[in-house]
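Shown next, in structure tokens, is the structure this report addresses.
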There are 2 protein chains.
Amino acid sequence: MKKMYLHNQARNAALKTVFEGKSFNSGTGKDTVRIIPLGGSGNVTKNMYLYEYRYDGKIKDILIVDCGIGFPDEEMFGVDLVIPDIKYLMDKRDKIRGIVFTHGHDDHIGGLPYIYPRLGKVPMYAPTLAAAFANLKLKETSIHERVRPMRFDSRVEAGVFTVSFVRVTHSVPDTSHLIIDTPVGIFYHGSDFKFDPTPLDDKPSEIDKINAVGKKGVLCMLSDCLGSERPGFTPSEQIIGETIEKELRLSHGKVLFTTQSSNISRIQLAIELAQKHGRKIAFLGRSIDKNVEESVKLGYMRFPREVIINDRDLRRLPANKQFLVVAGAQGQPTSNLFRIANDAHKIVKLTDADTVILSADPIPGRENDVNKLIDQIYRHGARVSYSDIMEDLHVSGHGSSGDMMLLLSAVGPKYVMPIGGTYKHLMQYRRLAADLGYEKRSVLIPEDGEVLEFSKHAAPRVVDHITLDQIMIDGLGIGDVGNVVLKDRQTIAHEGIVVVVVPVNHSSGHMMSAPQIITRGFVYAREARNLLSHAGDVVERALTLRKGKIADWQMVKKRIAESLGEYLLKETGRSPLIVPVVLEV
Amino acid sequence: MKKMYLHNQARNAALKTVFEGKSFNSGTGKDTVRIIPLGGSGNVTKNMYLYEYRYDGKIKDILIVDCGIGFPDEEMFGVDLVIPDIKYLMDKRDKIRGIVFTHGHDDHIGGLPYIYPRLGKVPMYAPTLAAAFANLKLKETSIHERVRPMRFDSRVEAGVFTVSFVRVTHSVPDTSHLIIDTPVGIFYHGSDFKFDPTPLDDKPSEIDKINAVGKKGVLCMLSDCLGSERPGFTPSEQIIGETIEKELRLSHGKVLFTTQSSNISRIQLAIELAQKHGRKIAFLGRSIDKNVEESVKLGYMRFPREVIINDRDLRRLPANKQFLVVAGAQGQPTSNLFRIANDAHKIVKLTDADTVILSADPIPGRENDVNKLIDQIYRHGARVSYSDIMEDLHVSGHGSSGDMMLLLSAVGPKYVMPIGGTYKHLMQYRRLAADLGYEKRSVLIPEDGEVLEFSKHAAPRVVDHITLDQIMIDGLGIGDVGNVVLKDRQTIAHEGIVVVVVPVNHSSGHMMSAPQIITRGFVYAREARNLLSHAGDVVERALTLRKGKIADWQMVKKRIAESLGEYLLKETGRSPLIVPVVLEV
């Protein structure tokens, strides 16, 4: 650490000269670049960043990096996905010069089908495999445009921006960092990565490019910080092989293997080991099928066709010759593994001779589902291997503090902005950067919606604050479940709903019969007759304050909700959502 | 391991003689003892076990061990607590001879206020501190009976059962295992424990008693298995002191400390260290207040009165002299720590000079809340110490695999039944037991509701299957939120609710005006007018199939729900709860 620190001090001194001298030959005092995170900062998923170039205050060019989906938090009832909020872009669409993707994970490419139609025909670029995965998604829509696959030695010209690619290791092949050259300085977009010296696809990170851009002088680096709480370095994917092999040696029944369906290198490794142990391989799950097919087509996976067996032919193969690559590592209820564990799969049945290898850690928020899945598999007597009891069964795709500090000292930017973590990860990254000699003001942690502007001769500053909404996708609707709907769902989920229908004569305005009370999710109506009958009295009392014709229904509704709410809280300790309805008949 | 294994084989051989010979001088072939877990097996919390003695098939005596609360899972919307289902006991109340508590944690004593009134006046016993904590709860109710505090060298006679206590270490003082002597054999009730050789209260586990009962011969041991996935031994509480002291040395503002409010030894340790560093201590939180007061009264905590400061006097004390013991380690929204983190505490405000020490790991299911709490504290610029980044800040109260294997080989029971874990922990315990030479059939893992019967000369067998419901507590109601209510809450939470009101004339049965559709949590009604107006048409079509007077309203309601459900699914991809209401006016 000491050495790194000194090394970095020396670099900082050098950089000082670079930045305060005349090393940039383009750009004047009128050039600025803003970084605008549309996914919200302090967010692990839903990645989408804008680089906005202005001259003399006027927007000239916008470059978009990534367009991912996010996962709803536990209070977003019924919401399937969340996507970045692009309303900021709506009146600036003619300035968008391109979208560049860093890699093929859903939290970086998955928002494309929802968002692209609203952007106009913007050119899209990505490293080969990421482009292929993104295009698989576009093919399922009516969008005709495709993401252009890029080699790592190529460049993208997007208005004033020149983007070049830096291959880094992660949990999916062809992951890239981006070097973004601008009139104001060089930005290094360091999203998800780790330094794996022995990656399964034999393509290590391009350290030479990282060192070279560091020497040139980087104004600001954005860096993955998700693993900043872990000490040391994240291990190589290689160690997983030994664990899989051990399970293969022990098992005398079927072996089921699950991991993220985009982690094709790990799937390739598992296939090779299964083959070595005389097993045939079947793929169970649409996402795995599609990803494997595409990866084989592009040469990212290789295996003899005869080791693959169709799932329908499994019945004719002895159990100890079967190796099943199954989707559902996160315990998703619609996945093959979930159905197998719950006796609902039409082909695969678990027995106590079988082994299930879970080679993925639960993503934050899904721990309970994964634990339930493990319990369910165990109930069949099958052996389960998962990372809580087996070391080396899953290694993270994200670097640990060592990886981060290595990148930071190699790039040695003037400013660094941690991304891709929650607030505690950002703060922990700041501690790491401090160990490398970075002062607090050099570690940029903008609050939600704050926009930072960089210029050539001044320190970056907050120049704008944009409001980002949660754009929720539920069923077929994009954004039609808004905060009002969600708030109602939350209240009803916790306390239930009480609907009070008051029938009135449409011409006279007189109440025509006793109000009717309907409840759901509140109390079991058959057992709570007394309560509900008293509630009816409470409503009638609220109504009879004004006799005869009722003029101001808004006021009456309010009074019903208040007096009924008060009564029910006293009797049950609950505050259900009360919906008074005036029905004109 | 090898040695343990051999040692155990020798013991098993010896036990074989004990059990197959004539070593028991009481009991005949007509005596049986059943173990009935009312909290459900495969459950971490909600502990409640029955030991039921029968002679010639007739129930003679029932002993209850523990009576705890459980926590709702994430799909139990709005439910505050769950408690054990005691309906099995309802026609056997005259056979209950006593309740013995193992220790003072809520998942072992917290169900008492809800359940005791339904049991009759059963005598209750617990180790001193556990009795005190249980009685604090009873004092808040109209129950007059109290739990009798017991010394560790005392015995409880409860019908045919003789219960003696074995002190073990855990995360609350006065935790006990129970030796339950019966005509059929000795049962060892080994709930929550770890082997801490240097506990903070200087009262280590009574290993001698454990060895002695092992030599006598134990028929069946129940054992805590929650930590069975962790290798080695759980560290001693002592190591936490060093970490707290380090934070005290670094901090130049307030120090806030939080842990489980029952962990009074850890609170005592923190107080001593804070005092050493010249700070005064304030307690913030009702549960901590009460527990500390009771523990001081009983001599379980000791500190000079003058180091304690009232929270109202904090304003007059410099920040770097303050040490605040705060409730809310699990991020509970009503807790002091939550309010402090969210700027809603009337006295304590966080600054960037402050340090917050979270000395507790999130309990399963609360990870998200704790992470949000950490983020929120960080936003004030305060330093946060939590176990993901600081080793030795929390050590579990539960043993790891080493602790469990040590207990198992010391007690050397004929049968062992892991308890207090989910299914994966039970299965992992079985692996550990296998390493000690226990065959599969000696490790008892009854399925949910299965009742095992032990007798003198035969292997234990499943003799009954009882159905256990989730008894949910929501607000003031016990059990009135049942499965129907919960199912409705779940559907509405995920998909919303649509109420269709059809007004009909009460005498003629004719529909009096167009049906009205009310939705909540489904779509934002103002923006979905078209959808709802078409939905009205769909309902009217469903109604007009039979013209004029409508006789069979059940059928009509069904038809409305079906056709409207179909229409809304097609249009929105959602399946809201549809409630057709016929309103007679």
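Only the coordinates and a few stated rules stand behind these numbers; no lab work does. What you see is a predicted model; the values in this text were computed from it and never measured. We place every Cβ from the backbone using ideal geometry, glycine too, and count neighbours over all the protein chains shown.
Of the residues A:Leu200, A:Leu250, A:Leu222, the one whose Cα sits farthest toward the positive end of the charge dipole of the stretch A:169-295, with +1 on the Cβ of Lys and Arg and -1 on the Cβ of Asp and Glu, is A:Leu250. Relative to the longest principal axis of chain B, what angle (0 to 90°, nearest 10) does the C-alpha long axis of helix B:423-435 take? Helix B:423-435 sits at roughly 30 degrees to that axis. With label points defined 7 Å past Cα in the direction of Cβ, position A:Gly437 shows copy-to-copy spacings of 6.3 nm, given to one decimal and shortest first. Are any of the pairs A:Lys139/A:Lys487; B:Lys139/B:Lys194; A:Lys95/A:Lys424; A:Lys30/A:Lys215; A:Lys46/B:Lys372 more than 29 Å apart by Cα-Cα distance, and if so, which? Checking Cα-Cα distances, A:Lys139/A:Lys487; B:Lys139/B:Lys194; A:Lys95/A:Lys424 exceed 29 Å. Other residues within the sphere of radius under 12 Å centred on the Cβ of A:Asp448, judged by their own Cβ, net out at -4 (K and R +1, D and E -1). Our estimate of slack between A:Tyr55 and A:Arg93, defined as 0.36 nm per intervening residue step minus the Cα-Cα distance, is 11.9 nm. Calculation over all alpha carbon pairs of chain B in 10 angstrom steps from 0 returns a P(r) of 3, 15, 22, 20, 16, 12, 8, 3, 0 percent. Between A:Asn320 and B:Arg312, the simple spin-label model (points 7 angstrom out along Cα→Cβ) gives 7.8 nm. Restricting the count to DSSP beta bridges whose residues both fall in the protein assembly as shown, what percent are antiparallel, rounded to a multiple of 5? Close to 55 percent.
Taking the label point 7 Å along Cα→Cβ, B:Val463 and its counterparts in the other copies are spaced 8.2 nm apart, in ascending order. Over chain A, dividing the summed -39,500 (n - 2.57) contributions of all DSSP H runs of at least 4 residues by the number of residues returns a 222 nm mean residue ellipticity of -9500 deg cm²/dmol. Each 10 Å bin, from zero up to the one with the longest distance, holds this percent of the alpha carbon pairs of the protein assembly as shown: 2, 8, 15, 19, 20, 18, 12, 5, 1, 0, 0. Each Cα pair under 8 Å and six or more residues apart adds its sequence gap; the mean of these over the residue count of chain A is a relative contact order of 15 percent. In chain B, the beta-carbon sitting nearest the axis that superposes B on A belongs to the residue given here with its distance in angstrom, B:Ala493, 2. Summing charges over neighbours of A:Gly190, with a neighbour being any other residue whose Cβ is under 11 Å away from its Cβ, gives -3 when K and R count +1 and D and E count -1. Counting Cβ atoms of other protein chains within 10 Å of each residue's Cβ and taking the mean over peptide B:237-249 gives 0. Spin-label model, B:Arg146 to B:His534: label points 7 Å out along the Cα-to-beta-carbon direction sit 7.0 nm apart. One decimal place: the segment B:His465-B:Val296 gains 56.3 nm when fully extended, by the rule 0.36 nm per residue minus the C-alpha distance.
Of all DSSP beta bridges confined to the stretch A:496-584, the antiparallel ones make up roughly 45%. Charges on Cβ only, +1 for Lys and Arg, -1 for Asp and Glu, centred on the Cα centroid of the protein assembly as shown; of A:Gln275, B:Ile240, B:Ala493, which one is farthest towards the dipole's positive end? Of A:Gln275, B:Ile240, B:Ala493, it is B:Ala493.
Charge tally for B:His277 (other residues, Cβ to Cβ under 14 Å; Lys, Arg +1; Asp, Glu -1): +3. Expressed to the nearest 5 percent, the antiparallel share of DSSP beta bridges inside chain B is 55 percent. Residues in the stretch B:167-183 carry Karplus couplings, in order, of 5, 10, 8, 7, 9, 9, x, 6, 8, 9, 9, 10, 9, 10, 8, 9, x Hz; the curve used is 6.51 cos²θ - 1.76 cosθ + 1.60 with θ = phi - 60°, and Gly or Pro positions show x.
Ranking of B:Glu272, B:Glu229 by neighbouring Cβ atoms within 10 Å, starting from the fewest: B:Glu272, B:Glu229. Along Cα→Cβ at 7 Å, what distances in nm separate the B:Gly241 label point from those on the other copies, shortest first? Between copies, matching label points for B:Gly241 lie 4.9 nm apart.
For the stretch B:364-379, backbone phi angles converted through the Karplus equation (6.51, -1.76, 1.60; θ = phi - 60°) give residue-by-residue couplings of x, x, 10, 4, 4, 5, 5, 5, 5, 4, 4, 4, 5, 5, 4, 4 Hz, Gly and Pro being listed as x. Relative contact order, whole percent, for the stretch A:496-584 stands at 42, derived from Cα pairs under 8 Å and 6 or more residues apart. From least to most packed, judged by other beta carbons within 10 angstrom and beginning with the fewest, A:Glu527, A:Glu206 follow the order A:Glu527, A:Glu206.
Computed over the stretch B:302-400, the range of Cα coordinates on each principal axis works out to 43, 34, 24 Å, biggest value leading.
Amide hydrogen proximity for A:Lys60: with H placed 1.01 Å from N in the peptide plane, the residues at 5 or more positions away or on another chain lying under 5 Å are A:Tyr53, A:Arg54, A:Tyr55. Each of B:His534, A:His189, B:His457 has some number of other Cβ atoms within 10 Å of its Cβ, and from fewest to most they run B:His457, B:His534, A:His189. Other protein chain C-beta atoms within 10 Å of residue C-beta, averaged over A:482-489: 6.
A crude spin-label estimate for the pair B:Glu157 and A:Val122, with each label 7 Å from Cα along the Cβ direction, gives 8.4 nm.
Here the contact order of the stretch A:435-516, divided by its residue count and restricted to Cα pairs under 8 Å and six or more residues apart, works out to 13 percent.
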